[in-house]
Structure formats: structure tokens, C-alpha cells
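Below is one structure, written out as C-alpha cells, with a few remarks after it.
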Amino acid sequence: MEHIKEKPKKTNKDFSSKDAVFVFSSFTFICAAAIFVLIVYDVFTIHNFLSFNQPFRMVLSIVLSSFGLLLFGVILTMYIPSNYMDETNKSYQNYSLLAISSFMFIAALFEEMLFRGIIQNLLLVFIENKWTAIIITTLLFLGFHIQYFKKPIMLLNIAIPSLIFGWIYFETNNILVPFLAHFLMNIGMTLLFKYNVISMKR
């Protein structure tokens, strides 16, 4: 009887990690194909997507934004009661480091390619105002995280990073910058929970 009860739990865990990586990988491939088509048809250039003209600024943007957003997340966790917080980062703590890293990597890559690489770039083409494009993209980014609507304080935890990712992307013209900042922020928070460095305020 005990063996039968444990089996569904294992299946559920496999779906949450391996299957999620597969799904996000598929969507990432679709985004990459869409970006390729947009470049081929001169909607925007490769320079708008992968410019390496400002290496120092790129590294500085990644380090400062990921560290600052990680600190922001830690402060929210420490001072906002747990019933107002979403436990998404905490929920991954039982997975292996490889599973966590793989999921965080592909999820951040997909979100940045879709929202900054495609949506924000297309909005800039039609609107021709960087901050308007960033703000609209952020609103769409909020809509993508519908699980946070039940806990509105978490929308702040999504909006601020999205605005920063959009800004550093336009500042560097390299999608790798917001992607790496996004990945480091997410995995940083998850590992802090996993190794009990921080915990939800009761």
C-alpha cells in the first residue's frame, strides 16, 4: 500500500521538472524561429538583438541588476507576511540542483526571447518610444503570471524586474543581458530557499 501511494508523487515531481523543461524548450525554439524570421524580413536587425559593442556595460548591467533584484526579493521575503507572498521559488527546493538550474535557465530564456526579444522590439517598431514599449511589455508580462493575481503584492515583484530587464535590454541591445540577469535572480532566490538561508515571514 505504501508503495502505491508513493508512486503518484514521483510522477508528479517528474512532470514538474523534466516535462516543464521540455515544454519551455519547445516554446523557446518557436521564439527563436520567430526572431529569425523578423530579422530576415528586416523588421529589426541582428544588431538590435545581439550587439557586443558594450561588453563592460553588459557585464555591469548583469551584475548590478541581478544582485539588486535578488536583494529586493530577499527584503520582500523578510518583511512581507507569507500569506501575501507566492511560494513559487520555495516550491522548487526539493528538486536536484541540476533540475532547478535546467528549468530556471530555459524558463528565463523563453520569457526574455518572447517579451523582450519579440514583443518589446515589435512595440518599439510601431510606437517608436522605448519606455512606452517597456511599460506595455511589462503589463503583458504581468498578465503572463496570472498565478500572482491572487496576491497583488507579488505583481510588484514581477513588474519591477520586468521594467529593469526591458531597460537594460534597450541600453545594451543584447538579449543575453536581461536573460542572464533574469536567470541569476530566479536561481538565486530558489537556492536561498533550498539551503534555508532565507524563509517566509510568518
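The values are calculated or read from the model by the stated rules, or taken from the named source; none is laboratory data. Values in this document were obtained by computation on a predicted structure and should not be read as measured data. Reconstructed Cβ throughout: ideal geometry from the backbone, glycine too, with neighbour counts over all protein chains shown. Calculation scope for accessible area: heavy atoms of the full protein, side chains included, ligands and nucleic acids excluded. Shrake-Rupley method; radii C 1.70, N 1.55, O 1.52, S 1.80 Å.
Couplings 3J(HN,Hα) of the range 101-109, computed from phi: 4, 4, 5, 4, 5, 6, 5, 5, 5 Hz, in residue order, whole Hz [Karplus 6.51 cos²θ - 1.76 cosθ + 1.60, θ = phi - 60°; x for Gly and Pro]. For the chain, the relative contact order works out to 38 percent when only alpha carbon pairs closer than 8 Å and six or more residues apart are counted. With equal scatterers on the alpha carbons only and no solvent term, can you work out the Debye log10 of I(q)/I(0) for the chain at 0.16 1/Å? Computed log10 I(q)/I(0) values: -1.10. If you take the square roots of the eigenvalues of the alpha-carbon gyration tensor of the range 17-114 and sort them as a ≥ b ≥ c, do you get rounded (a/c under 1.5), prolate (a/b over b/c) or oblate? Oblate, because a/c is 1.5 or more while a/b does not exceed b/c. Amide H to amide H, with H built 1.01 Å from N, N174 comes under 5 Å of S51, counting only residues 5 or more places away or on other chains. Comparing A159, Y41, L124 along the charge dipole axis of the chain, the residue lying farthest to the positive side is A159, per the Cβ-charge model. Per atom type, the chain shows carbon and sulfur on 70% of its accessible surface, probed at 1.4 Å.
A full extension of the chain between N83 and V59 corresponds to an added length of 5.0 nm, given 0.36 nm per residue minus the alpha carbon distance. Its Cα centre serving as origin, the chain has a Cβ charge dipole (Lys and Arg +1, Asp and Glu -1) of approximately 700 debye. When each of the peptides 194-200, 157-163, 178-184 is scored by how many other beta carbons lie within 10 Å of its residues on average, the order from highest to lowest is 178-184, 157-163, 194-200.
The relative contact order of the range 104-202, computed from alpha carbon pairs under 8 Å that lie at least 6 residues apart in sequence, is 33 percent.
If R0 is 25 Å, the Cβ-Cβ spacing of L71 and E171 corresponds to a FRET efficiency of close to 0.75.
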